1. Which one of Ala117, Ala98 is of a type outside the set (Ser, Thr, Tyr), buried (at least 23 other Cβ atoms within 10 Å of the Cβ) and either modelled with pLDDT under 95 or under 20 Å from Arg67 (Cα atoms) (or both)?
2. State whether one or more residues within segment 78-90 are touching a residue at least 60 places away in the same chain (Cβ under 8 Å), crowded, with 20+ Cβ neighbours inside 10 Å and touching a Gly at 6+ places or on another chain (Cβ under 9 Å).
3. Residue check, Glu147 against (1) without any contact (Cβ under 8 Å) to a residue 12 or more places away in the chain; (2) within 20 Å of Ala293 (Cβ to Cβ); (3) of a type in the set (D, E, K, R), all met but one. Which one?
4. Out of Ala172, Ala207, Ala182, report the one residue that is among the small types (Gly, Ala, Ser), in contact with a Ser or Thr (Cβ under 8 Å, 6 or more places away or on another chain) and in a helix (DSSP H, G or I).
5. Identify the single condition in (1) touching a residue at least 60 places away in the same chain (Cβ under 8 Å); (2) out of contact with any Pro (no Cβ under 9 Å at 6 or more places or on another chain); (3) under 25 Å from Val126 (Cα atoms) that Val73 does not satisfy, given that it satisfies every other one.
6. Only one of Gly128, Gly119 is within 12 Å of the ligand (Cβ to nearest atom) and farther than 24 Å from Glu205 by Cβ. Can you tell me which?
Amino acid sequence: MGSPMATTCLIDRYAAYLPVTPRTPRIALGEGGTPLVRAPRLEAETGVREVWLKVEGMNPTGSFKDRGMVLAVAKAMEEGAASVICASTGNTAASAAAYAARAGLECAVVLPAGHVALGKLAQAIVFGARVIAVRGSFDDALVVVKELAAGGEATLVNSINPYRIEGQKTAAFEICETLGDAPDALFIPVGNAGNITAYWKGFVEAARTGMATRGVRMFGFQAAGAAPIVHGRPVAEPRTIATAIRIGNPASWKSAVEARDASGGAIEAVTDEEILDAYRFLAGCEGVFCEPASAASVAGLRQRARRGALEGIERIVCVLTGNGLKDPDTAKSFSPSLTEVAPTAEDVRAAIRALS
Ligand code: F0G
């Protein structure tokens, strides 16, 4: 029996909409149920009537991955798997490692060497995963883990695992429930393109089952140096400060394009400068600290507002996919050395003034 304070179980809450059976283990770490926070400063800047932030960094490991990972790991348990494996730019690794630990499964994560934010690496290590860095990109790592999984060595828990998409679509349900209907548009970062695929599936199902009465236009944003869908061809050497979306050949490319076209949306590029501007704006003006990749959604919104390309859109949800604490190095880079003074009121007051 659950007490009123017990962690709710995402699998149970949406069981009617998920491919679960009575035998699917109800594992839970508190995933889902994340806040939808209104963004008044963004409304003022963009002129959009309502802008909401879906703060997915509030999930247990600090990213949206937990929604899909809980289901992927539960289904792996149900199917008798002993171990899971994934390629990752960091967040998938942290999430897989946590749920595998909870489930008592072995976990191996394969990362692009030198391009994973510190917090994510710390999580994978402490949750007890076997952490391997490859001299290559995320795309190279994905090729390797697919080969290992095909050999039966472990269950693949990247978003090409359909249970990941199923779990992640629950965020679209929550948005419809909270707002009472679907928004006009969703703005979302795109990396491997699983999440835009999942939200689209969720919104389509929400309309079909009466949770929503209308469709949603899907606007996805890639980093300019890692924008294969925007350019229509893979990027061999993706580059961006937003390491979470440093991906040159997304696995769910086709379904992202389908979501874009079927919804009347767009997939566009934002520069690293625009990403970092949005990242600082969200923290400094809205009080919401997300990781750089997450800010791509808001960078895209601001870019479209500047171009006057938001006609007919009055209610927007921007997905903030991961927590800012994941990437302390980027945050710290804005103030590399702290002002150090003597512990006196006089010196501290003078130092505060100097920084104002
Ligand atoms: N935002 C964050 C914080 C991410 O970690 C990711 C993907 C995305 C956006 C893009 O989502 O891949 O579904 O289009 N991170 C993956 C990982 C690739 O390994 O953690 P997507």
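The values are calculated or read from the model by the stated rules, or taken from the named source; none is laboratory data. All figures in this text were calculated on a predicted structure; none of them were measured in a lab. When we count neighbours, we look across all protein chains shown, and the Cβ atoms used for this are built from the backbone with ideal geometry, even at glycine.
1. Checking each option against the conditions leaves just Ala98.
2. Yes, that holds for at least one residue.
3. (2) is the only condition that Glu147 fails.
4. Going through Ala172, Ala207, Ala182 in turn, the sole match is Ala207.
5. Here Val73 meets the rest and fails (2).
6. So the residue among Gly128, Gly119 that is within 12 Å of the ligand (Cβ to nearest atom) and farther than 24 Å from Glu205 by Cβ is Gly119.
Residues checked against (1) near the ligand (Cβ under 9 Å from one of its atoms); (2) of a type in the set (Lys, Arg); (3) closer than 20 Å to Gly57 by Cα:
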residue: Cys176; (1), (2), (3): no, no, yes
residue: Pro183; (1), (2), (3): no, no, no
residue: Ile188; (1), (2), (3): yes, no, yes
residue: Thr209; (1), (2), (3): no, no, no
residue: Arg214; (1), (2), (3): no, yes, no
residue: Met218; (1), (2), (3): no, no, no
residue: Ile241; (1), (2), (3): no, no, yes
